[in-house]
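Asks: Submitted below is the structure of interest, expressed as structure tokens.
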Amino acid sequence: MARLIECVPNFSEGRDAEVVDAIVQEICSVKGIKLLDRQMNADHNRAVVSFIGEPEAAVEAAFRGAKKAKELIDLGRHKGEHPRMGATDVIPIVPLMNVTMSECVELARRLGQRIGEELAIPVFLYEAAATRSERENLAQVRSGEFEGLRETVGKDASRKPDFGPERIHPTAGAVAVGARMPLVAFNVNLGTSNVSIARNIAKAIRFADGGLRYVKALGFELKEVGLVQVSMNLVNTKGTPIHRVFALIKSEAERYGVPILGSEIVGLVPMDALVDVAEHHLRLEGFERDQVLETRLLGETGSTESSLAQYVEEVSAPSAVPGGGSVSALAGALSCALSAMVCGLTVGKKKYSQVWEEMKELRAACETSRKKLMKLVEEDSHAFEQVLKSRRALKIRPEEAARKEALRVATMKAIEVPLEVCRESVKILEYSKLAAGKGNVNSVSDAGVSAGMAHSALVGASLNVYINLGTVEDESARRAVRHETEALRESGEKLFKEVSGLVESKLLSDLS
């Protein structure tokens with residue numbers, strides 16, 4: 001099977017097309033490389049190039065691009081709105097197909113070592129490839145930019161490069177090389193020339209200052225058109241969708257009496273990210289990704305595997321979200337899917353004609369619950385993000401009653417989401433019981449697995465209720481939620497034992 005990675009190097013040149021053309025030509029000189037996109041921005045004075053290829057070919061292409069940039073770009077003469085520390089400023093390596101994140105980490109480190117040794121440019125590893133926790137954030141790595149690093153590298157032990165000389169290259173600066181999941185470069189233009197407004201909004205929305213999870217943002221001046229811009233990297237559009245980011249910027253801009261004139265996506269964007277926007281704003285009900293024509297034409301296998309792999313990578317990351325609550329909701333959704341499958345394998349079989357209508361109704365109920373639980377997968381992460389944001393805000397001003405109330409509301413929401421997963425889990429245990437009892441006997445094991453997943457969802461979600469419930473001061477509210485959760489656990493345990501007994505009796509009877 002083909003193994004593909006994406007590489008998205010950013011170069012500190014957005015005004016001279018001949019320079020960028022020469023760099024792109026070097027990249028594309030490597031056999032097997034496919035250029036996906038190239039973008040130049042004069043205000044930022046920056047170019048973003050996206051290409052894909054087999055891992056070895058892509059790493060070679062990235063090295064050649066960095067080598068050519070060293071020859072053609074002089075940071076001593078570079079001026080632009082975007083922060084930068086190198087001629088080749090950053091090289092992220094992104095897993096696309098049949099390549100793991102750990103492999104991308106290894107590729108990033110090999111590339112970084114080669115750039116350091118052969119080009120004599122200091123290299124800092126970031127994101128998943130970082131060797132120090134404080135360097136996972138690219139903004140932290142690039143702090144001080146070219147001029148600041150020129151003064152500190154070689155003098156400050158904390159700024160020691162991972163590879164290459166302990167001094168900034170006089171013209172090529174330094175380069176950050178890393179491994180990460182796909183991100184979306186998203187910019188919003190505001191109808192004002194006051195750059196402080198853009199910077200204030202950027203501060204309000206970026207995660208580092210208490211804003212939205214997975215959002216990195218800066219405010220820039222677009223001098224050529226007399227406007228300002230909120231420029232962002234959205235590093236996980238499942239965790240924080242584009243429409244949520246846009247809505248918060250719009251709300252913040254209205255505080256200043258400033259309109260949004262437009263937005264732009266720089267480079268490539270995953271189709272799912274745009275579908276999420278359409279689904280939200282059009283208020284689509286029951287919409288499935290395979291209704292997108294291109295998805296149906298190309299087949300879903302690759303994108304599904306990629307999405308699942310990305311979610312698992314996100315869960316395994318050293319971050320509080322997505323966590324156990326989100327995973328519990330997903331387990332419930334998988335339970336629904338299995339019971340729906342059993343129904344589908346029953347309807348149409350003459351042997352089960354007497355239960356066809358009942359199985360059709362059950363399948364519809366399973367689909368309704370599945371869609372609800374898939375939304376709860378995202379809602380759980382969002383709810384806990386709000387708790388974290390409220391906690392940070394309260395630490396800054398612990399005396400403010402409004403901030404205490406915001407934390408209380410956020411905590412209750414973080415309890416309500418997993419509690420709803422518990423309620424839904426008991427319902428889908430009933431579904432799996434019916435599927436096991438009346439469904440196609442050849443799929444009875446699937447009904448059993450469905451019950452197991454529903455039980456796991458119930459237990460996992462209840463634990464998330466309890467951990468958040470411990471911080472609730474209202475004793476009556478705490479007691480009511482605990483009572484309901486314990487009752488749901490009791491009902492669920494009883495149903496799980498019933499389904500397990502039913503399934504095992506059918507399976508083991510064939511073995512006697």
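The values are calculated or read from the model by the stated rules, or taken from the named source; none is laboratory data. Since this is a predicted model, take the numbers as computed values, not measurements. Note that each Cβ is placed from the backbone with ideal geometry, even for glycine, and that neighbours are counted across all protein chains shown.
Asks: Within the range 428-440, how many residues are buried (at least 24 other Cβ atoms within 10 Å of the Cβ) and not in a helix (DSSP H, G or I)? If you could, list the steps in order and put the result at the bottom.
Replies: Within the range 428-440, the first condition is being buried (at least 24 other Cβ atoms within 10 Å of the Cβ), and the residues that meet it are 428-429, 431-432, 435-436, 439.
Those still in the list that are not in a helix (DSSP H, G or I) too: 439.
Counting residues in the range 428-440 that are buried (at least 24 other Cβ atoms within 10 Å of the Cβ) and not in a helix (DSSP H, G or I) gives 1.
Asks: In a helix (DSSP H, G or I), surrounded by 23 or more Cβ atoms within 10 Å (Cβ to Cβ), more than 28 Å from the chain's Cα centre (by Cα) and in the same structural domain as Val99 (by TED's automatic domain parsing), is that true of Ala61? I'd like the intermediate steps shown before the answer.
Replies: Working: in a helix (DSSP H, G or I): yes; surrounded by 23 or more Cβ atoms within 10 Å (Cβ to Cβ): yes; more than 28 Å from the chain's Cα centre (by Cα): no; in the same structural domain as Val99 (by TED's automatic domain parsing): yes.
No, not satisfied.
Asks: If you don't mind, there's one more thing I want to ask. Just to check your reading of the model, which residue among Ala402, Ala406 is assigned by TED's automatic domain parsing to the domain that holds Val342, over 19 Å from Val465 (Cα atoms) and assigned to a helix (DSSP H, G or I)? Can you show your working first?
Replies: Numbers: Ala406 fails: over 19 Å from Val465 (Cα atoms).
So the residue among Ala402, Ala406 that is assigned by TED's automatic domain parsing to the domain that holds Val342, over 19 Å from Val465 (Cα atoms) and assigned to a helix (DSSP H, G or I) is Ala402.
Asks: Any idea which of (1) loosely packed, with under 12 Cβ neighbours inside 10 Å; (2) in contact (Cβ under 8 Å) with a residue 60 or more places away in the chain is the one Glu498 doesn't satisfy?
Replies: Looking at each condition in turn, Glu498 falls short on (1).
Asks: Determine whether Ile415 is closer than 24 Å to Ser491 by Cα, more than 25 Å from the chain's Cα centre (by Cα) and buried (at least 19 other Cβ atoms within 10 Å of the Cβ).
Replies: For Ile415, the condition - closer than 24 Å to Ser491 by Cα, more than 25 Å from the chain's Cα centre (by Cα) and buried (at least 19 other Cβ atoms within 10 Å of the Cβ) - is not met.
Asks: Right, another one. With the checklist (1) outside any loop (DSSP other than H, G, I, E, B); (2) surrounded by 15 or more Cβ atoms within 10 Å (Cβ to Cβ) in hand, flag the one item Ser251 doesn't pass.
Replies: All conditions pass for Ser251, except number (2).
For every residue, the table says whether it meets (1) modelled with pLDDT of 90 or more; (2) not charged (D, E, K, R).
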{"position": "Gly112", "(1), (2)": "yes, yes"}
{"position": "Leu119", "(1), (2)": "yes, yes"}
{"position": "Tyr126", "(1), (2)": "yes, yes"}
{"position": "Arg132", "(1), (2)": "no, no"}
{"position": "Arg135", "(1), (2)": "no, no"}
{"position": "Leu138", "(1), (2)": "no, yes"}
{"position": "Ser143", "(1), (2)": "no, yes"}
{"position": "Gly154", "(1), (2)": "no, yes"}
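Asks: Answer with yes or no whether Leu434 is assigned by TED's automatic domain parsing to the domain that holds Met412, more than 23 Å from Ala414 (Cα to Cα) and in contact (Cβ under 8 Å) with a residue 60 or more places away in the chain.
Replies: Values: assigned by TED's automatic domain parsing to the domain that holds Met412: yes; more than 23 Å from Ala414 (Cα to Cα): yes; in contact (Cβ under 8 Å) with a residue 60 or more places away in the chain: yes.
In short, yes.
Asks: Next question, about the same structure. Of these, Ser328, Ser381, which one is hydroxyl-bearing (Ser, Thr, Tyr), at pLDDT below 95 and within 24 Å of Val499 (Cβ to Cβ)?
Replies: Working: Ser381 fails: within 24 Å of Val499 (Cβ to Cβ).
None of the others qualify; the one that does is Ser328.
Asks: Just checking, does the range 83-92 include any residue being of a type in the set (S, T, N, Q) and touching a Pro at 6+ places or on another chain (Cβ under 9 Å)? Before you say what the answer is, go through the steps one by one.
Replies: From the range 83-92, those of a type in the set (S, T, N, Q) are 88; that's our starting set.
Now restrict to residues that are touching a Pro at 6+ places or on another chain (Cβ under 9 Å): 88.
Scanning the range 83-92, I find at least one residue that is of a type in the set (S, T, N, Q) and touching a Pro at 6+ places or on another chain (Cβ under 9 Å), so the answer is yes.
Asks: Taking only the range 286-310 into account, find how many residues are modelled with pLDDT of 75 or more, not hydrophobic (A, V, I, L, M, F, W, C) and not in a helix (DSSP H, G or I).
Replies: Here the count works out to 0.
Residue-wise test of (1) closer than 30 Å to Met271 by Cα; (2) in contact with a Gly (Cβ under 7 Å, 6 or more places away or on another chain); (3) without any contact (Cβ under 8 Å) to a residue 40 or more places away in the chain.
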| site | (1), (2), (3) |
| --- | --- |
| Arg167 | no, yes, no |
| Ala174 | no, yes, no |
| Val177 | yes, yes, no |
| Gly191 | yes, no, no |
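Asks: Is it the case that the range 70-93 has a residue that's surrounded by fewer than 22 Cβ atoms within 10 Å (Cβ to Cβ), within 25 Å of Leu35 (Cα to Cα), without any contact (Cβ under 8 Å) to a residue 40 or more places away in the chain and not assigned by TED's automatic domain parsing to the domain that holds Asn233?
Replies: yes
Asks: Another question, then. Give, as residue ranges, the helices (runs of 4 or more DSSP H) completely inside the range 90-196 that count at least 3 residues that are in contact with a helix residue (DSSP H, G or I) (Cβ under 7 Å, 6 or more places away or on another chain) and farther than 20 Å from Glu13 by Cα. Let's see the steps before the verdict.
Replies: Details: elements: 101-118, 138-141, 145-152.
Once the helices (runs of 4 or more DSSP H) in the range 90-196 are filtered for at least 3 residues that are in contact with a helix residue (DSSP H, G or I) (Cβ under 7 Å, 6 or more places away or on another chain) and farther than 20 Å from Glu13 by Cα, what remains is 101-118.
For (1) at pLDDT 95 or above; (2) over 35 Å from the mean Cα position of the chain (by Cα); (3) surrounded by fewer than 16 Cβ atoms within 10 Å (Cβ to Cβ); (4) not assigned by TED's automatic domain parsing to the domain that holds Lys433, each residue gets a yes or a no:
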{"position": "Ala461", "(1), (2), (3), (4)": "no, no, no, no"}
{"position": "Val465", "(1), (2), (3), (4)": "no, no, no, no"}
{"position": "Asn468", "(1), (2), (3), (4)": "no, no, no, no"}
{"position": "Val472", "(1), (2), (3), (4)": "no, no, no, no"}
{"position": "Glu475", "(1), (2), (3), (4)": "no, yes, yes, no"}
{"position": "Arg479", "(1), (2), (3), (4)": "no, yes, yes, no"}
{"position": "Val503", "(1), (2), (3), (4)": "no, yes, no, no"}
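Asks: Please determine whether any residue of the range 23-34 is modelled with pLDDT under 95, part of a strand (DSSP E or B) and either closer than 14 Å to Ala62 by Cβ or charged (D, E, K, R) (or both).
Replies: Scanning the range 23-34, I find at least one residue that is modelled with pLDDT under 95, part of a strand (DSSP E or B) and either closer than 14 Å to Ala62 by Cβ or charged (D, E, K, R) (or both), so the answer is yes.
Asks: Got a sec? Which of Ser443, Ser425 is surrounded by 18 or more Cβ atoms within 10 Å (Cβ to Cβ) and either touching a His at 6+ places or on another chain (Cβ under 9 Å) or outside any helix (DSSP H, G or I) (or both)? Talk me through it step by step, then tell me what you get.
Replies: Numbers: Ser443 fails: either touching a His at 6+ places or on another chain (Cβ under 9 Å) or outside any helix (DSSP H, G or I) (or both).
Result of the check over Ser443, Ser425: Ser425.
Asks: Being in contact with a Gly (Cβ under 9 Å, 6 or more places away or on another chain) and surrounded by 13 or more Cβ atoms within 10 Å (Cβ to Cβ), is that true of even one residue in the range 393-408? Steps first, answer last, please.
Replies: As a first pass, look at the range 393-408 and keep what is in contact with a Gly (Cβ under 9 Å, 6 or more places away or on another chain): 393, 396.
Then keep just the ones that are surrounded by 13 or more Cβ atoms within 10 Å (Cβ to Cβ); that gives 393.
The answer is yes, given that some residue of the range 393-408 is in contact with a Gly (Cβ under 9 Å, 6 or more places away or on another chain) and surrounded by 13 or more Cβ atoms within 10 Å (Cβ to Cβ).
Asks: Name the residues in the range 94-104 that are surrounded by fewer than 21 Cβ atoms within 10 Å (Cβ to Cβ), closer than 25 Å to Lys160 by Cα and in contact (Cβ under 8 Å) with a residue 24 or more places away in the chain, would you?
Replies: The answer is Glu103, and nothing else.
Asks: Please go through the range 345-362 and pick out each residue that is crowded, with 16+ Cβ neighbours inside 10 Å and either of a type outside the set (A, V, I, L, M) or modelled with pLDDT of 95 or more (or both).
Replies: The first filter runs over the range 345-362 and keeps only residues crowded, with 16+ Cβ neighbours inside 10 Å, leaving 345-347, 352, 355, 358-359, 362.
Listed by number, the residues that qualify are Thr346, Tyr352, Glu358.
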